[in-house]
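This report concerns only the one structure given below.
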Amino acid sequence: MIRVIIYLALISIVAAQEPQLAATLTFTEGPTVAPDGSVYFTEVVNQRIMKLGTDGRLTVFRENSNVANGLLFDPEGRLIACEGATFQRPGVKVSGIPRVTRTDMKTGQIEVLAESFEGKPLTGPNDVTIDSKGRLYFTELGGAAVYRIDAPGKIARILAAPDVQNPNGIQISPDDRTLYLVEANQAQGGARLIRAYDLQADGSVTNMRVHFDFSPGRSADGMSIDSQGNLWAAAGLNHTRGTSETLDTKCGVHVISPQGKRIQFIPIVEDTITNTAFGGADMKTLYITAGKNLYQVRTDIAGLPR
């Protein structure tokens, strides 16, 4: 068992305090919170899905995770995982079988929800969210596409190149009327922003507009959403990393209102910040994955399990 020290830190939407360290590992990603309050997140390099219990014990939930990245618990308490995308950093490269899976937490059975579209394999699912009808929406960062899963094996592509470049984090507003999508293009002149779309009743999207622009700094990676419709986006850098991204976007959680205004910022000292998720009995604990760490902070606004 890996020992982990848990602290609680209080932040408010008006004046944030420093987030506190919850766990230390390698490259952390994809936090999500189970119905019992346990936090699940991925260790991309070591290909593991980790579980941080409500008692503070850190254990391995799944070895050989097939490069699992974004995670999500559905309303029935099943774990959704985006798997198989190639992950590359200096000296490190891992890849797997691109697919989206659903794990029955009672039996451990893993079901494949999506692995191809129109007869072609997926290129690497990255992040996932859900609407109130139970439909899943996931991104492919390298494949420049966004898909919707209506049922196992029944998927539709709702966005593709050239309309999107490098789609990463994805969220849906509390009223199911807006889909938010992170563009994380590191190339010179690439889109580094959050797009907003009108989400139609049939799960398609229209009326794209720029909701928030992070350029020329590093764009957001993942993001969560609260009950008032604010996005809690993990974005920015503390140090440059050999791309055209600048340090104009500070590293931390950028809280973006439904009107597209940054209303709060929570600084994180660790590169590279990757994602956020709400949990806790009152849904007012925000978990943040960054570099080799998992952080947690308390908020005044309850989040949504999306």
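The values are calculated or read from the model by the stated rules, or taken from the named source; none is laboratory data. The structure displayed is predicted, hence computed values, not measured ones. Cβ: placed from backbone, ideal geometry, glycine included. Neighbour counts: every protein chain shown.
When the test is whether a residue is surrounded by fewer than 15 Cβ atoms within 10 Å (Cβ to Cβ) and either among the basic types (Lys, Arg) or out of contact with any Leu (no Cβ under 8 Å at 6 or more places or on another chain) (or both), ALA201 passes it. Scanning region 178-190 for residues that are buried (at least 20 other Cβ atoms within 10 Å of the Cβ) and not in a strand (DSSP E or B) returns a single hit, ASN185. Among the residues making up region 44-69, those that are under 18 Å from the mean Cα position of the chain (by Cα) and either closer than 15 Å to TYR287 by Cα or not charged (D, E, K, R) (or both) are VAL44, VAL45, GLN47, ILE49, MET50, LYS51, LEU52, SER65, ASN66, VAL67, ALA68, ASN69. Would you check if GLY169 is closer than 20 Å to THR272 by Cβ and outside any loop (DSSP other than H, G, I, E, B)? Here the answer is yes, as GLY169 does meet what is asked.
Note on region 204-306: enclosed strands (runs of 3 or more DSSP E) holding 1 or more residues that are buried (at least 23 other Cβ atoms within 10 Å of the Cβ) and acidic (Asp, Glu) are 220-225.
Looking only at residues in region 95-109 that are surrounded by 16 or more Cβ atoms within 10 Å (Cβ to Cβ) and of a type in the set (A, V, I, L, M, F, W, C), the one that is farthest from SER65 (Cα to Cα) is MET105.
If you filter region 1-33 down to residues that are more than 15 Å from the chain's Cα centre (by Cα) and at pLDDT 55 or above, you find that the one that is farthest from THR86 (Cα to Cα) is GLU18. Of all residue pairs spaced 6 or more apart or on separate chains, those with beta-carbon atoms under 8 Å, a first member in region 184-200 that is under 18 Å from ASN275 (Cβ atoms) and touching a residue at least 40 places away in the same chain (Cβ under 8 Å) and a second member that is buried (at least 20 other Cβ atoms within 10 Å of the Cβ) and of a type in the set (Asp, Glu) are ALA184/ASP221; GLN186/GLU245; ARG192/GLU183; ARG192/GLU245; ILE194/GLU183.
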